[in-house]
Amino acid sequence: MSRPWWLIPCALLGLTCGEGGGYGVDYDGTWIPVIDMHLHPGDWDAIPPETQTFLASRFPFPLNLRPDRTADQVLSATGIVGELDRGGVHVGVLFAVYAPRTVGVATNELVEAGVAEYPKRLLGFASLRVDDWASAGEGELDRLEEALAEPGMVGIKLAHAHMHFRMDDPSYFGIYELAGRLGKPVYLHTGSSSFPGIALEPAYTDPAYLEPAIAAHPQTIFILGHLGYDFVDHEIGELETCIELAHKYGNVYLEPSALGSEGADPSGENYPTILRRIREEGLVDRLIYGSDGPQSPGFVGEYLERTVTAMERAEYSADDARALLSGNFIKVFGAEAGQ
Ligand SMILES: [Zn+2]
């Protein structure tokens, strides 16, 4: 009997997708493994007070009564793996974040520790500070390179709006150059955000401003997070720009996290509409799944369920669903992460 296909590519990542059973979703009668490429570990005390209040407002009663305890339970590596278990997700990717003025700080060391604790379940994306770039930039790039040399650290996370730097500012292009040289894809938040303190001008949120960086770094993979979604007005936002960039540049990938949540897409119409557009454009082979969890208990699994429903409504085949939920991730990260 031949081995199921997913055991082979996952072995490249040092992971065990498909073993142990219980992980994955049934889509149109086909079992599909799931990798969630967008998760935020956290340390409650490192989150600014305004954002603590914002996050606490999302916890259901009675968990909102002790948001600090809930956050520590959900946002720790153990808490996140528990959420993956609950949601049927086999592998999750933890993001480091350095946005002290907005969403707070989750250090590379925190992410590395989580990945080291659960090496078969978690991978990590490193990040860096950009707020004192003129004098500290070079040191930050060195620090980023060191973090990316740690086991299981497979990519770089950036959020221009949260970190307050323009998408088209060439002084930061060294980050993309490093990414290309090391073969580590870069994830970029695109679209607006409802977090307090975000830079909402187009140069920080509109993926069109990324084009010079994408064009100048063909060896670097750019993953456009949230597909330019407008989280303030719950509208589709800059999706068509993301589609144009993906058509024009083979190094562009697309990630649909958060935009399909109950809060961001209250009518439930936007998520299937977005997935349908991508299928119509022949770009399903560029889609990589992420939830933007854990947010609150149960969110990771809930987002996966909403994604399955949206894929059904967008008439995705089982092959399309597999590409989105894990196949494209393995294609992009498999060989590189297995080195
Ligand atoms: Zn996020």
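The values are calculated or read from the model by the stated rules, or taken from the named source; none is laboratory data. Keep in mind the model is a prediction, meaning the values are calculated, not measured. Neighbour counts run over all protein chains shown; Cβ positions are idealised from the backbone, glycine included.
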For residues in region 237-262 being under 20 Å from A159 (Cβ atoms) and over 18 Å from the mean Cα position of the chain (by Cα), which is surrounded by the most Cβ atoms within 10 Å (Cβ to Cβ)?
G237
How many residues are within 16 Å of the ligand (Cβ to nearest atom) and in a loop (DSSP other than H, G, I, E, B) when one looks only at region 238-262?
6
Any residue at all in region 184-194 that is modelled with pLDDT of 95 or more and among the aromatic types (F, W, Y)?
yes
What do you reckon, is R143 within 23 Å of A179 (Cα to Cα) and touching a Phe, Trp or Tyr at 6+ places or on another chain (Cβ under 8 Å)?
no
Being away from the ligand (no atom under 16 Å from the Cβ), under 25 Å from I35 (Cβ atoms), among the aromatic types (F, W, Y) and modelled with pLDDT of 95 or more is the requirement here; does Y118 meet it?
yes
Hey, could you check region 44-71 for residues that are of a type outside the set (G, A, S), closer than 23 Å to D85 by Cβ and within 16 Å of the ligand (Cβ to nearest atom) and say which is surrounded by the most Cβ atoms within 10 Å (Cβ to Cβ)?
L55
Apart from one, (1) away from the ligand (no atom under 16 Å from the Cβ); (2) within 30 Å of S57 (Cα to Cα); (3) not polar (S, T, N, Q) all hold for L210; the odd one out is (2)
For region 205-213, check the following and say yes or no: at least one residue is in contact with a Phe, Trp or Tyr (Cβ under 6 Å, 6 or more places away or on another chain), over 22 Å from T307 (Cβ atoms) and among the aliphatic types (A, V, I, L, M).
yes
Do we find that E177 is at pLDDT 95 or above, over 17 Å from G225 (Cα atoms), more than 16 Å from the ligand (Cβ to nearest atom) and touching a Phe, Trp or Tyr at 6+ places or on another chain (Cβ under 9 Å) in this structure?
no
Candidate set: region 81-113, residues that are charged (D, E, K, R) and surrounded by fewer than 24 Cβ atoms within 10 Å (Cβ to Cβ); chosen: the one modelled with the lowest pLDDT:
R101
Could you list, in sequence order, the residues of region 263-307 that are away from the ligand (no atom under 16 Å from the Cβ), surrounded by fewer than 18 Cβ atoms within 10 Å (Cβ to Cβ) and assigned to a loop (DSSP other than H, G, I, E, B)?
P266, S267, G268, E269, E281, G282, L283, G298
Run I223 past the list (1) touching a Phe, Trp or Tyr at 6+ places or on another chain (Cβ under 7 Å); (2) part of a loop (DSSP other than H, G, I, E, B); (3) within 23 Å of S326 (Cβ to Cβ); (4) within 16 Å of the ligand (Cβ to nearest atom) and report the number of the one that doesn't hold.
(2)
Conditions: (1) within 16 Å of the ligand (Cβ to nearest atom); (2) under 19 Å from D36 (Cα atoms); (3) under 17 Å from the mean Cα position of the chain (by Cα). V74 meets all but one. Number of the miss?
(3)
Among (1) over 26 Å from E211 (Cβ atoms); (2) more than 16 Å from the ligand (Cβ to nearest atom); (3) touching a His at 6+ places or on another chain (Cβ under 9 Å) - the single one A106 does not satisfy
(2)
